[in-house]
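Trainee: Got a structure here, written out as structure tokens. Questions coming.
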Amino acid sequence: MNIYDVSRRAGVSIATVSRVLNGNPNVSEKTRTRVLAVMDELGYTPNVFARGLGLGTMKTIGIMCSDSSDPYLAGAIYHLERQLRSHGYDSLLCCTGPSLENKKTYFELLLSKRVDAVILAGSKFVELIGQNNDYLIEAAKELPIMLVNGYLDAPGIYSTVCNDYEAMYTAAARLIDSGRRNILYLYTSHSYSGLNKVEGYKNALTDRNIPVRREYIHQCSKDLNASRKLLEKLDRLGLVFDAVMTSDDSLAVGAVKYAAGKNIKIPDGLAVIGYNNSILSYCTTPEISSVDTKVEELCTTTVDTLMSVFNGGNVPAKTTIAAEFIQKQTTNFLC
């Protein structure tokens with residue numbers, strides 16, 4: 001079944017059917033209704049690629065993430081796709097893994113599909129070595145590139161970021177002001193977001209005259225058992241700590257499991273703070289105090305910004321969203 005069959009059955013020209021498909025206002029409501037009824041009767045589904053050639057748009061947005069099994073990124077993908085659908089756009093998702101070469105390969109794949117823009121979900125798409133971002137900068141000359149919680153300063157690239165620095169600074173400051181002095185910090189990566197978080201932690205200590213000690217800052221894979229084992233190792237080495245801050249809730253779960261295994265009472269003997277306020281923070285006993293990074297707001301703002309770009313609006317290159325600390329049962333300081 002094709003457009004010619006629709007044209008013959010509806011008694012109109014192919015051009016008229018095309019105008020109906022493209023939403024052209026220069027078609028009477030009576031004709032539009034008749035054409036749509038015939039399409040429904042024949043079970044005709046328009047070829048999206050062919051429509052894109054005529055419209056100059058595929059009405060499709062590429063989305064890239066590094067790991068769709070990650071609760072934070074899974075939530076981001078859900079909110080992005082839902083918001084795109086509300087604006088009449090489809091999406092193509094690519095899960096790249098951490099490899100730069102894979103990121104480039106999948107990016108080229110999306111470009112070959114003639115997507116109208118690419119959304120990069122998560123801060124791991126901004127590389128620390130500047131030249132490794134050249135492929136994004138070059139592509140942004142041709143189509144919009146949207147970063148969710150990542151920042152890259154270049155024309156055609158638009159970032160929506162959480163204020164991770166302020167969120168981590170405030171959480172660390174509250175721990176210190178409540179009497180904690182030996183605060184471990186566990187993080188997963190050196191991404192844009194990750195660097196802002198650790199700087200917030202460090203500066204909160206410095207501003208309160210507490211030395212920043214290398215032995216209290218540790219990178220750990222995003223795995224609850226890995227963080228639990230790391231804490232057990234540090235404990236065996238004699239490191240004394242009365243609080244654990246983490247860059248991701250999964251690491252905080254490991255801290256709670258460590259405390260349970262050592263019969264350490266939470267929060268009196270050990271305070272724990274997670275990050276992202278994901279489902280993981282509600283799955284432990286006690287529930288984990290965590291920073292809510294407003295992933296839904298980040299994603300809806302990203303898509304709304306993209307629509308403004310399409311409409312030729314005056315769009316800021318960077319939009320910042322404030323996080324919120326959600327106190328549950330692993331901290332006991334006053335909010």
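Trainee: Taking springs between alpha-carbon atoms closer than 10 angstrom, which of Val291, Val115, Val315 fluctuates most in the Gaussian network model of the chain?
Mentor: The residue with the greatest mean-square fluctuation here is Val315.
Trainee: Would you mind calculating the relative contact order of the chain from Cα pairs under 8 angstrom and at least 6 residues apart, reporting the percent as a whole number?
Mentor: 14 percent
Trainee: As a test of reading the structure, rank Leu111, Leu175 by solvent-accessible area (1.4 Å probe, protein chains only), most first.
Mentor: From most accessible down to least: Leu111, Leu175.
Trainee: Okay, moving on. Taking the chain as a Gaussian network, Cα atoms linked when under 10 Å apart, which of Lys30, Lys59, Lys124 shows the biggest mean-square fluctuation?
Mentor: Ranking Lys30, Lys59, Lys124 by mean-square fluctuation puts Lys30 first.
Trainee: Any idea what the relative contact order of segment 280-335 is, in percent, if you count C-alpha pairs under 8 Å spaced at least 6 apart? Display every interim value, and only then the final one.
Mentor: Working: 47 pairs, mean separation 29.4, N = 56.
Once normalised by length, the contact order is 53 percent.
Trainee: How would you rank 182-190, 143-151, highest first, on the average number of other Cβ atoms within 10 Å across their residues?
Mentor: 143-151, 182-190
Trainee: Just add up the charged neighbours of Ala74: K/R +1, D/E -1, any other residue whose Cβ is under 12 Å from the Cβ of Ala74.
Mentor: Value of the local net charge: -3.
Trainee: For segment 204-243, what is the largest minus smallest coordinate of the Cα atoms on each principal axis, given in angstrom and ordered from greatest to least?
Mentor: Dimensions of segment 204-243 along the principal axes of its Cα atoms: 33, 23, 15 Å.
Trainee: Of the residues Arg236, Arg82, Arg180, which exhibits the maximal mean-square fluctuation in a Gaussian network model of the chain defined by a 10 Å Cα contact cut-off?
Mentor: Arg236
Trainee: If you don't mind, there's one more thing I want to ask. Here is the link list: Lys197/Lys294; Lys222/Lys262; Lys233/Lys262; Lys257/Lys294; Lys103/Lys141. Which ones come out longer than 20 Å on Cα distance?
Mentor: Lys222/Lys262; Lys257/Lys294
Trainee: Follow-up. Taking the Cβ of Gly62 as the center, what net charge do the other residues with Cβ under 11 Å away carry, scoring Lys and Arg +1 and Asp and Glu -1?
Mentor: Details: positive: Lys113, Arg114; negative: Asp90, Glu108, Asp116.
Local charge sum for Gly62: -1.
Trainee: Continuing with this model, one more query. To the nearest Å, what is the center-to-center distance of segment 178-242 and segment 66-103, using C-alpha atoms only?
Mentor: Cα centres, segment 178-242 to segment 66-103: 29 Å.
Trainee: Give the calculated FRET efficiency between Asn225 and Leu42 to the nearest 0.05, with a Förster radius of 45 Å applied to their Cβ-Cβ distance. Write out the running numbers ahead of the final one.
Mentor: Values: r = 56 Å, r/R0 = 1.26.
It comes out at approximately 0.20.
Trainee: At a 1.4 Å probe radius, which order do Arg181, Arg114, Arg32 fall into by accessible area, largest first?
Mentor: From most exposed to least exposed: Arg181, Arg114, Arg32.
Trainee: OK, next. For helix 249-261, report the angle its Cα long axis makes with the longest principal axis of the Cα atoms of the chain; keep it between 0 and 90° and round to the nearest 10°.
Mentor: 30 degrees
Trainee: A follow-up question, please. Would you mind classifying segment 211-293 by shape? Square roots of the alpha carbon gyration tensor eigenvalues, ordered a ≥ b ≥ c; an a/c under 1.5 is rounded, otherwise it is prolate if a/b is larger than b/c and oblate if not.
Mentor: Taking the square roots of the gyration eigenvalues as a ≥ b ≥ c, segment 211-293 is prolate.
Trainee: Moving to a separate point now. With semi-axes √(5λ) of the Cα gyration tensor in Å in mind, check (i) 57, 27, 16; (ii) 49, 20, 17; (iii) 31, 23, 18 and report the label derived from this structure.
Mentor: Matching entry in (i) 57, 27, 16; (ii) 49, 20, 17; (iii) 31, 23, 18: (ii).
Trainee: Under a Cβ-Cβ cut-off of 15 Å, what is the net charge of the residues other than Gly312 that fall near it, where Lys and Arg count +1 and Asp and Glu count -1?
Mentor: On the way: positive: none; negative: Asp116, Asp304.
Around Gly312, the charge tally is -2.
Trainee: Also: Taking the Cα centre of the chain as origin and charging only Cβ (+1 Lys, Arg; -1 Asp, Glu), how large is the dipole, in debye to the nearest 20? Could you put the intermediate results ahead of the total?
Mentor: Working: 35 positive and 35 negative charges, 65 e Å.
Magnitude of the dipole: close to 320 debye.
Trainee: Something else about it: On average over all directions, what projected area in square nanometres does segment 139-264 have, based on the convex hull of its Cα atoms?
Mentor: Projected area, direction-averaged: 8.7 nm².
Trainee: Report for the chain the percent antiparallel among DSSP-assigned beta bridges with both residues inside it, nearest 5.
Mentor: The antiparallel fraction comes to roughly 10 percent.
Trainee: For segment 224-335, what relative contact order do you get, as a whole percent, if you take Cα pairs closer than 8 Å and at least 6 residues apart?
Mentor: Computed value for segment 224-335: 25 percent relative contact order.
The values are calculated or read from the model by the stated rules, or taken from the named source; none is laboratory data. The model shown is predicted, which means the values in this text are computed figures rather than measured ones. In this analysis, Cβ positions are derived from the backbone assuming ideal geometry, glycine residues included, and neighbour counts consider all displayed protein chains. What goes into the accessible areas is simple: the full protein's heavy atoms, side chains included, and nothing from ligands, DNA or RNA. Shrake-Rupley method; radii C 1.70, N 1.55, O 1.52, S 1.80 Å.
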